[in-house]
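A.B. asks: Let me begin by handing over the structure; questions about it come next.
Laboratory data are not the source of any read-out in this text; all were calculated from the coordinates shown. Being a predicted model, the structure only gives us computed values, none of them experimental. Here the Cβ positions follow ideal geometry from the backbone for every residue, glycine too, while neighbour counts run over all protein chains shown.
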Amino acid sequence: MKKAQTEVLTTLLIFVVTLSVVTSVYFFGIPLIEKNKDIATLEKSEDFIKNLNTKIKKVANGGSDQIEFDLPGLFIFNQTDETIEIVLKTTGTKYAEGGWISLSRSNQTSGTWGIDEPEIIEVKSVKISDKKYITTFKLSYRELKAEKNSYKISLISSSGTSIVSGGGHTITITYGGLSKSEDLIKTNVKINIV
């Protein structure tokens with residue numbers, strides 16, 4: 001009789017320990033896995049916006065290029081503001097909440113030719129509810145002043161309108177020529193999604 005009681009107690013003890021481990025993994029492990037997944041998505045988005053900037057600057061010297069947009073968010077090109085935004089919804093963030101944080105050397109709206117970089121890359125995370133964030137990466141270009149002229153990369157839409165798209169598309173970047181108004185020389189770069 002004692003042996004049967006021992007086997008039942010052992011089985012019951014193993015069951016309770018297993019249930020405790022599974023419950024702990026469910027309550028503590030799943031949120032940790034989701035957080036790591038979100039951080040990986042944010043890092044991939046930051047890399048994407050920086051790679052897009054590199055390609056745009058290269059195309060500003062002529063030619064064309066493309067990049068795959070395969071992020072779980074929105075790609076927004078605002079024709080009026082000449083800005084590109086990547087907008088993601090996540091359960092966590094690795095950035096300080098609130099205002100824009102510069103990911104480039106400076107976020108000043110103008111700079112000096114030969115000293116400053118033309119791009120402004122920023123990120124902003126906003127908490128919308130418990131464990132829900134909207135993170136926006138923004139790319140724009142500033143005017144660089146030289147002695148006689150100022151220079152700027154000007155983003156234009158191939159269609160002439162703003163563009164909004166989800167993941168799974170290809171962004172094409174094409175040199176669009178130069179335009180000059182008074183002392184500002186713009187290098188036009190066309191953005192399109194296929």
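A.B. asks: Just from its helices, what would the mean residue ellipticity at 222 nm be for the chain, if runs of 4 or more DSSP H residues each count -39500 (n - 2.57) and the sum is divided by every residue, rounded to the nearest 500 deg cm²/dmol?
C.D. replies: It comes out at -9500 deg cm²/dmol, rounded to the nearest 500.
A.B. asks: On a 18 Å Cα-Cα criterion, which of the cross-link pairs Lys57/Lys190; Lys50/Lys186; Lys50/Lys132; Lys57/Lys89; Lys37/Lys94; Lys89/Lys138 come out too long?
C.D. replies: With Cα atoms farther than 18 Å apart: Lys50/Lys186; Lys50/Lys132; Lys57/Lys89.
A.B. asks: Can you run the Rg to Rh ratio on the stretch 127-194? Use alpha carbon positions and the Kirkwood inverse-distance Rh.
C.D. replies: Result for the stretch 127-194 is an Rg/Rh of 1.13.
A.B. asks: Would you mind checking which residues have amide H under 5 Å from Ile185's amide H? H placed 1.01 Å from N; only 5 or more apart, or other chain.
C.D. replies: Ser150, Tyr151, Lys152
A.B. asks: With +1 on each Lys and Arg Cβ and -1 on each Asp and Glu Cβ, and nothing else charged, work out how big the dipole of the chain is about its Cα centre, in Debye to the nearest 20.
C.D. replies: Dipole magnitude for the chain comes out near 380 debye.
A.B. asks: At 7 Å along the Cα-to-beta-carbon direction for both Asn51 and Glu68, put a label point, then send me their distance in nm to one decimal.
C.D. replies: 0.9
A.B. asks: Pairs of Cα atoms under 8 Å, at least six residues apart: use those to get the relative contact order of the stretch 2-193, whole percent.
C.D. replies: 23
A.B. asks: Where does helix 2-24 land angle-wise versus the long Cα axis of the chain, in degrees 0 to 90, nearest 10?
C.D. replies: In the chain, helix 2-24 runs at an angle near 10 degrees to the longest axis.
A.B. asks: Helix 30-59: angle to the longest alpha-carbon principal axis of the chain, degrees 0 to 90, nearest 10?
C.D. replies: 20
A.B. asks: What list of ³J(HN,Hα) values in whole Hz, one per residue of the stretch 63-75 in order, does the Karplus curve 6.51 cos²θ - 1.76 cosθ + 1.60 (θ = phi - 60°) give from phi, with Gly and Pro shown as x?
C.D. replies: x, 8, 7, 8, 8, 7, 9, 10, 8, x, x, 10, 9
A.B. asks: In Å and whole numbers, how far do the C-alpha atoms of the chain stretch along each principal axis, longest first?
C.D. replies: Computed over the Cα atoms, the extents are 101, 32, 27 Å.
A.B. asks: Right, another one. Please sort 110-117, 170-177 by packing, taking for each peptide the average over its residues of neighbouring beta carbons within 10 angstrom, highest first.
C.D. replies: Top to bottom by mean Cβ count within 10 Å: 170-177, 110-117.
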